[in-house]
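> The structure's right below; bear with me while I get my questions together.
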Amino acid sequence: MSWEDGVRRVVPYVPGEQPKRADIIKLNTNECPYPPAPGVRRVLDEMDYGEFRLYPDPDSGVLVKALAGYYGVSEKQVFVGVGSDDVLAMAFLTFFNTGKPILFPDITYSFYDVWADLFRIPFEQIPLDEDFKIRTEDYLGRDCGGIVIANPNAPTGVALPLSEIERIVSANRDVVVIVDEAYVDFGGESALPLLKKYDNLLVVQTFSKSRAMAGMRIGYAFGREKLIGYLLDCRFSFNSYPMNRPALAAGVAALEDKAYFQEICGKIIKTRDRVEEALRELGFFFADSSTNFVFASHREVPAKEIFEMLKDKGIYARYFAKPRIDNYLRITIGTDVEMARLLEVLREYLGGRC
Ligand code: PMP
């Protein structure tokens, strides 16, 4: 017997590389290429650093209030966390305790199976169809411990219509259905309106993508009051002060500038649609993206080769050496200038290869 026999062993999630060099075109972790709303800078500049000696508000009151106001729900229906990773991890811990397998797609956010392993939750990965679409029928009439759907899905970029999400939520009233909407602001339909009808739904979103604040680590979730109450009980049994003072202030400031938020989302969508067209001309194929990234495969050149070539040229994309998707590249939508450089490098390389 050694101390190692008592260790909780897990195979950790591997996040995309964060390069040390500043001259990299970073298209590998779906960050926003634009800065946060100008008001964010203002509140951070004006912060009284003397306050940092005090713990932050354990209830994250100002941010919860701002989110409730922005999305038109009550404050008791809002939960916040240190990025949506924290929110999702707490939700897995809180809601998936029946011992029955939880269900999620075989190709989806690859943190889901890691949390399931960490918390010893059995799970079943349901194959997407050939076009990387979720087959709603696969999630109906199953005796399961819960369901997790990223909508739009990642890394595929494919969105499921709200009516399909509703079919899944309504057919599984005896378990919690988590809808992870990290990318919803780039073209998905939020399940938030379904809260009026269903008490078994948790809708999770983030400031990391459409609000340009991945570095601040702010995630949030909406659910009925009772469901959020259970989530808070687990949260406060784990960490009393998850959100730091700058994050709370910055989060509120970002929500106050709706026009800026709409402007940067609009810009990213426009760039994405243009880049999709150019990539198709270069011989790539992919499903239309409803997100701030494109998940693309080339008709002739292996994805891994393109990934390595781009890296050599200082352009980082994301490559997953996993079944079914090991010939795909996930490319985040950057600024127009960054995407022009990407397309130039691809044109040069593929022109010589094909
Ligand atoms: N859900 C999905 C589908 C994601 O792709 C990500 C980003 N890696 C997250 C959740 C977590 O993002 P964050 O913790 O930055 O909110």
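Readers should treat all values here as calculations from the given coordinates under stated rules, not as data from a laboratory. Everything quoted here is computed from the prediction, not taken from an experiment. Cβ placement follows ideal geometry from the backbone for every residue including glycine, while neighbour counts extend to all protein chains displayed.
> Can you find, among V169, M243, A116, the residue sitting farthest towards the positive end of the charge dipole of the chain, where Lys and Arg contribute +1 and Asp and Glu -1 at Cβ?
In the chain, that residue is M243.
> Which value, in debye to the nearest 20, describes the size of the charge dipole of the chain about its Cα centre when Lys and Arg Cβ atoms bear +1, Asp and Glu Cβ atoms bear -1, and nothing else is charged?
260
> Another question about this same structure. For region 70-175, rounded, prolate or oblate, judged on the Cα gyration tensor with a ≥ b ≥ c (square roots of eigenvalues), a/c < 1.5 rounded, else prolate if a/b > b/c?
rounded
> If you average over every viewing direction, what projected area does the convex hull of the Cα atoms of region 38-257 give, in nm²?
Orientation-averaged projected area of the Cα hull: 11.7 nm².
> Let a ≥ b ≥ c be the square roots of the eigenvalues of the Cα gyration tensor of region 1-102; is it rounded (a/c under 1.5), or, if not, prolate (a/b larger than b/c) or oblate?
oblate
> Order 310-316, 79-85 from most to least packed using the mean count of other Cβ atoms within 10 Å.
79-85, 310-316
> Of G39, G351, P323, which is farthest towards the positive pole of the chain's charge dipole, taken about the Cα centre with +1 and -1 on the beta-carbons of Lys, Arg and Asp, Glu respectively?
Positive-most Cα among the choices belongs to G39.
> With just the Cα atoms defining each centre, how far is region 1-16 from region 260-286? Give it in Å.
Using only Cα atoms, the two centres lie 40 Å from each other.
> Moving to a separate point now. Over the chain, what is the relative contact order in percent, taking alpha-carbon pairs closer than 8 angstrom and at least six residues apart?
23
> In whole angstrom, note down how far apart the Cα centers of region 292-354 and region 17-95 are.
Region 292-354 and region 17-95 have Cα centres spaced 30 Å from each other.
> Considering only the other residues whose Cβ falls under 13 Å of the Cβ of A340, what net charge follows from Lys and Arg at +1 and Asp and Glu at -1?
Around A340, the surrounding residues sum to -1.
> Over 26 Å between Cα atoms: which of K196/K258; K197/K322; K26/K76; K133/K209 fall into that group?
K197/K322; K26/K76
> Going by how many other beta carbons lie within 10 Å of each one, how would you line up S208, S74, fewest first?
S74, S208
> Output the peptides 13-25, 94-106 sorted from most to least packed, where packing is the average of other Cβ atoms within 10 Å over each peptide's residues.
94-106, 13-25
> What residue among I107, F222, V148 has its Cα farthest toward the positive end of the dipole of region 38-257, where the charges are +1 on Lys, Arg and -1 on Asp, Glu, each on the Cβ?
Towards the positive end, the residue furthest out is F222.
> Suppose the chain between Y55 and Y241 were pulled fully straight at 0.36 nm per residue; how much longer would it get relative to their current alpha carbon spacing?
Length difference between fully extended and current span is 66.2 nm.
> Per 0.36 nm of contour for each residue apart, how much would the distance between Q125 and R173 grow if the chain were fully extended, relative to their Cα-Cα spacing?
15.3 nm
> Under the classification rounded if a/c is under 1.5, otherwise prolate if a/b is larger than b/c and oblate if not, where does region 185-275 fall, given a ≥ b ≥ c as square roots of the Cα gyration tensor eigenvalues?
Verdict is oblate for region 185-275.
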